[in-house]
Each structure stands twice: as structure tokens, then as C-alpha cells.
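Visitor: I am attaching a structure below and will ask some questions about it afterwards.
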Amino acid sequence: MESIGVLMPIPMSSYLEQELEKRFNLLKLWTVPHKTQFIKEHSTSIRAIVGNASAGADAELIAALPKLEIISSFSVGIDKVDLKTCKEKGIRVTNTPDVLTDDVADLAIGLTLAVLRRLCESERYVRSGQWKKGDYKLTTKDDITKGKGERDGTSQYSVFLLLFLLSCIVSTLKDFGTFLLVYVLCTAFTGKTVGIIGLGRIGKAVAKRAEAFSCPIAYFSRTEKPDSKFKYYPTVVELAANCHVLVVACPLTEETRHIINRQVINALGPRGVLINIGRGPHVDEAELVSALVEGRLGGAGLDVYEKEPQVPEQLFALENVVLLPHVGSGTVETRNAMADLVVGNLEAHFLKKPLLTPVA
Ligand SMILES: O=CC(=O)O
């Protein structure tokens, strides 16, 4: 198999590179200055592409590689692969499901705890020496968040309205940060309703973990799952209106692009938290930023962004937001298991055996 050209567009894992180099002629596109020329020169030997969540294979790349037989993605999501073109040309596609489910679900819970309990902010409080000057303030208006089941309670909203008006007056006198300071709260996770968009492998793993925190679980998916005990909502807006923490855990498709829009964000509301461990384009990022800046959304824990690695700079100033650099599957154990699957799929294909994890 040494003569089989395997094109890797960007670096992903040194273990993966090493395992591919043992078996194939690995062509590292990022190491060459003239990429189009390089692809042209190797177009008759490249029979496989190894892509990932950021670099897959679009119609243009596929068209430039007439001998391409398989795309083995170092990711579970295959939204960067032009599946339609692959199907038309009979190109096989594989991904890395299952092996990363636990890590991604763990991260969803980690992000939720980090936002609700303000872990990053309070950690910075210690590092910056502020603790010596006084105890960390949990919240200025704790009464607003009391009682998960009372989310729609009139009295709480009256208090909220009063505080909102007060803070508007204050914020006109001072700066906008004053407004945020009023509403950034340290609040409990245990018992909060968790809404999950997409009850696939990762969604179910998030639910399992959240249940251990005594959280009621609800979900949205294209169709109700007859075998699920969780409450189903037929629209994302209804799910958002009835949960505290909304987790995006579905694949990115044309249907799910901007599934989190202004209406959903407003339904989640000033005490709701959005957790995105799916893909950046699931969220209308401009709407998310303005909702957070205006205090219309309680907080967000984000592992993914619309234009990675660009992250909207307005988010950097917000304490109710936790930002991670797309590391859902980012543990050495999992990344190595993913690499083994990528290599195993390529080997299976070229040895004419059944693929381990075929998508197409
Ligand atoms: O984002 C990561 C993946 O799809 O595996």
C-alpha cells in the first residue's frame, strides 16, 4: 500500500501522521508552498483524503483528483465533505463515531458547569490576587434565579423587570459593563432542565450525564424517539422556552444551519444558557453576540464558532461566556482512537474489506 497517495490538507495529529506514513505515501498539503500545483502533480496517485472538522473535501478538490476512492474523516461530523458529489462519483466516506462520544458529552457538562458556576471567572479571581481583597461575589441579584420550576413565575418576572429598568438607568449613567455586572449570576446546575437538540449518540450521552445531576431532560429532533423517556418538543423554540440549559448536539446540515436563531435565543431568555458542542454554523452568531451583549441571554458555553478560528471579539469581555477552541474530542486517548479508526478504514478499503465506520 506504500504507493497509495493519501492527501492530508492540514495537520491533525502527529500519531495519525505517523500511522499513515507507516502504510501509505502521506502527502502533507500544508507543508508545500504551491498547493494547486502540488495537487496537479500528484493527482494520479492520490486515492484517499484524510480530512477533519475544518478541512474536508469540496467539489473542487474532488474534481481535481480523478483517482480518489475514499475520504476518511478524522471527525464524527462530515459537514466539510461534499457528500452529494461523493455519492455521484462512488467515493466512499468514513468518520469516527462512538470513540469520541464520551469526551464530547463530558465537555458539554464541563461547559455547563463552567458557565453556571462561573468557574473560569472565579479561577481568574484567585490568580489575579483579588481574593486577598475580599470574597468572590456570587451574585448581586440571586433571587432572580431561585427555583428552577418557577421560571415563568410572575413575581420573579416583576422583580426582573424592576431590576432591568433600574440597570438601564444605571447603565446610561455609567458604562454597559454595569448592566452585565448586575445580571451575571453564580447559579446551580443540579436540577436545572436540560434541553438537547439532537438525541443521537452524543445527545444521549449528555442526557445520561445531566440525569446524574438530577436534571429533567427534554429534547428536540426531527422526529420523536419512541424509545426515549425524555420529554419531546416538536420545535426548538418550544424546547428553548422550557429549559434552562440548551445543548446543541446535532449534525450540521442545511436543515440545522442557524437552528439557534433570534427566536430561539429569545425563548431561552435572560436566565437560559446555550451550550454549543456541535458546529459553529448551528448558531446565528451575530444574533448570539447581540443577545449576550444586551443581556437577553443568560450565558453561553461555546466550543465551536461560525468562522473558526475567528471568535467574535465582543465575547471576550463577557464573564457569562466560556470560550473553548473546538476541543470536544480533545484528549490524547480519544484522538488516538480516532486516528486508529481513520487508518483502519483506509486499510479496510484498500484490502477490499468492509469499512469499519462507513457514512457513504
Ligand atoms: O468536531 C469534531 C468532530 O466532528 O469530530
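Visitor: Nearest 20 debye, what's the magnitude of the dipole of the chain about its Cα centre given +1 on Lys and Arg Cβ and -1 on Asp and Glu Cβ?
Guide: 360
Visitor: Let me ask you something else. Can you tell me what percent of all Cα-Cα pairs in region 17-140 are more than 25 Å apart?
Guide: For region 17-140, the fraction of Cα-Cα distances above 25 Å is 47 percent.
Visitor: In addition: Above 29 angstrom, tally the Cα pairs of the chain and express them as a % of all pairs, no decimals.
Guide: 47
Visitor: Moving on to the next point. Dipole magnitude of region 1-148 about its Cα centre, charges +1 at Lys/Arg Cβ and -1 at Asp/Glu Cβ only, in debye to the nearest 20?
Guide: 500
Visitor: Suppose every Lys and Arg Cβ carries +1 and every Asp and Glu Cβ carries -1, with no other charges. What dipole size does region 80-124 come out with about its Cα centre, to the nearest 20 debye?
Guide: In debye, rounded to 20, region 80-124 gives about 300.
Visitor: Now, a different point. Karplus couplings for region 325-338 from phi (6.51 cos²θ - 1.76 cosθ + 1.60, θ = phi - 60°), rounded to Hz, Gly and Pro as x?
Guide: x, 6, 10, x, 9, x, 10, 4, 4, 5, 4, 5, 5, 5
Visitor: Suppose the chain between R222 and K67 were pulled fully straight at 0.36 nm per residue; how much longer would it get relative to their current alpha carbon spacing?
Guide: Full-extension gain reported as 52.1 nm.
Visitor: Here's a follow-up. Which of L274, L119, L246 ends up with the largest GNM mean-square fluctuation for the chain, with Cα atoms connected below 10 Å?
Guide: Top of the fluctuation ranking is L119.
Visitor: Out of A207, A267, A59, any idea which swings most in a Gaussian network model of the chain, alpha carbons joined below 10 Å?
Guide: Maximum among the listed residues: A59.
Visitor: Quick one: net charge of K80's neighbours, Cβ under 15 Å, K/R +1, D/E -1?
Guide: -3
Visitor: Toward the positive end of the charge dipole of region 1-135, about the Cα centre and with charges on Cβ (Lys, Arg +1; Asp, Glu -1), which of L83, G110, P33 goes farthest?
Guide: P33
Visitor: Connecting C-alpha atoms closer than 10 Å in a GNM of the chain, tell me which of V248, V32, V104 has the biggest fluctuation.
Guide: Comparing V248, V32, V104 in a Gaussian network model of the chain, the most mobile one is V32.
Visitor: Multiply the residue gap between F316 and T331 by 0.36 nm, knock off their C-alpha separation, and tell me the result in nm, one decimal place.
Guide: 2.9 nm
Visitor: So, one more: To check you understand DSSP bridge types, tell me what percent of the beta bridges within the chain (both residues inside) are antiparallel, rounded to 5.
Guide: In the chain, DSSP labels about 5 percent of beta bridges as antiparallel.
Visitor: Report the local net charge at E21: Lys and Arg +1, Asp and Glu -1, summed over other residues whose C-beta lies under 15 Å from its C-beta.
Guide: Result for the neighbourhood of E21: -2.
Visitor: For D58 paired with R117, estimate the spin-label separation in nm (one decimal), with each label point 7 Å from Cα along the Cα-to-Cβ line.
Guide: Roughly 4.2 nm, to one decimal.
Visitor: I've got another one for you. What does the charge count near R222 come to, summing +1 for each Lys or Arg and -1 for each Asp or Glu among other residues with Cβ under 14 Å from its Cβ?
Guide: Net charge around R222: -2.
Visitor: Given the Cα-Cα distance of Q18 and E255 and 0.36 nm per residue of separation, how much length would full extension add, in nm?
Guide: Separation in residues times 0.36 nm, less the Cα-Cα distance, equals 81.6 nm.
Every read-out reported here was derived from the displayed coordinates using simple, explicitly stated rules and does not represent laboratory data. The structure displayed is predicted, hence computed values, not measured ones. Ideal geometry is used to build each Cβ from the backbone, glycine not excepted, and the neighbour counts take in all protein chains shown.
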